[in-house]
Amino acid sequence: MKLASVKNGRRDGRLVVVSRDLTRCTDASFLASTLQAALDDWRRISPHLLALSESLDHGAVPSERFHEHDAMSPLPRAYQWADGSAYVNHVELVRKARNAEMPASFWTDPLIYQGGSDSFLGPRDPILMADEAHGVDMEAEIAVVTDDLPMGASRDQARDAIRLVMLVNDVSLRNLIPAELAKGFGFFQSKPSSAFSPVAVTPDELGDAWDGGKLHLPLIVDVNGKPFGRANAGIDMTFDFPTLVAHAARTRPLGAGAIIGSGTVSNKLDGGPGKPVEAGGVGYSCIAEIRTIETIAHGEPKTPYLRFGDTVRIQMNDARGHSIFGAIEQTVREYDGAA
């Protein structure tokens, strides 16, 4: 089934069930007022949500048009947002861009950072920035939402706790990252609010594309209407989601509604860093990667980071070409202090 939180003037929105073709939705707030409330009582609530989903697809319940512009992130705020770096090719490239050596352990021990989870952007909300000089970049990713998980959970327990899957734009301020990491205390100002896809889906909705740990479909990234990335999320993923979730739960329990991200989806090409889409490759899921490759090839980057007025679109289609999660589509706007 597909779930969304639509804007209703309240902080956490209103829970709706969305049709498989993303055209219609039906109110689910009589079962759980918000998606977090549903996740808090998932074993009891989810069968009723599933029945509602089936009734919606059969036209057996009242429905309304589903407008992606009216959607908030499925969880407009969350108790936990931890983002991994499962595609080590990406880690290797962005570290090379700032002349940082990559330890060999990065291939065997997952990286995860603690993200800010109190103010997620809606999938069609603008990316508000005070200064283009921060180096605004998108990072197109996959994320899973978990049920309660005990500290020290096994990989099998972690796999069984995955309740929902969604897409992410993990906005990064590249020009702030080097100085911030040099302090030795991790990301903070360089990682503003992220945005998630209009709908979150249960793993069974993904069919054969979901193998219990990876999502084997291309992630479609366009910048200003032009193809930028088509990397397959199931390829070159060094650490799958059960591994990432178990890693996150190693020394702490995870509460229902915890969001664990994959990190930027990134594919190699013939053992190398890949090519742009227009050059016959699958492109990139962030600007930092192509800038690194340009620097290696030409001595300096040519592709600018996002500027005011630039638009990013992130989505994923099924094998028939139909959108699964809806689209994250955001325009970078200058922040005037009013919002």
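Each part reduced to its alpha carbon centroid, segment 208-234 and segment 118-189 end up 17 Å apart.
Solvent-accessible area of the chain (1.4 angstrom probe, protein heavy atoms only): carbon and sulfur portion equals 49 percent.
State which entries of K96/K275; K191/K226; K2/K226; K226/K275 exceed 20 angstrom in Cα-Cα distance in the structure shown. Checking Cα-Cα distances, K191/K226; K2/K226 exceed 20 Å.
Suppose every Lys and Arg Cβ carries +1 and every Asp and Glu Cβ carries -1, with no other charges. What dipole size does the chain come out with about its Cα centre, to the nearest 20 debye?
Dipole about the Cα centre, nearest 20: 220 debye.
For segment 234-339, applying the loop criterion from DSSP together with a ceiling of 13 other beta carbons within 10 Å to the trypsin sites (Lys or Arg not before Pro) yields R250, K302, R307, R320. A 1.4 Å probe run over the chain, with the rest of the protein chains in place, finds 44 Å² accessible per residue.
Overall dimensions of segment 4-156, expressed as equivalent-ellipsoid semi-axes from the Cα gyration tensor (√(5λ), whole Å, largest first), are 35, 21, 14. A DSSP coil position with no more than 14 other Cβ atoms inside 10 Å describes the following chymotrypsin sites (Phe, Trp or Tyr not before Pro) in segment 183-221: F185, F188.
Applying a DSSP loop filter and a limit of 15 other Cβ atoms within 10 Å to the trypsin sites (Lys or Arg not before Pro) in segment 8-40 leaves R10, R11. A straight line joining the Cα centroids of segment 264-281 and segment 41-68 runs 39 Å. Once the convex hull of all Cα atoms in segment 105-240 is built, its volume per residue stands at 152 Å³.
The values are calculated or read from the model by the stated rules, or taken from the named source; none is laboratory data. Since this is a predicted model, take the numbers as computed values, not measurements. Cβ: placed from backbone, ideal geometry, glycine included. Neighbour counts: every protein chain shown. Please note that ligands, DNA and RNA were not included when accessible areas were found on the heavy atoms of the full protein model with its side chains. Shrake-Rupley method; radii C 1.70, N 1.55, O 1.52, S 1.80 Å.
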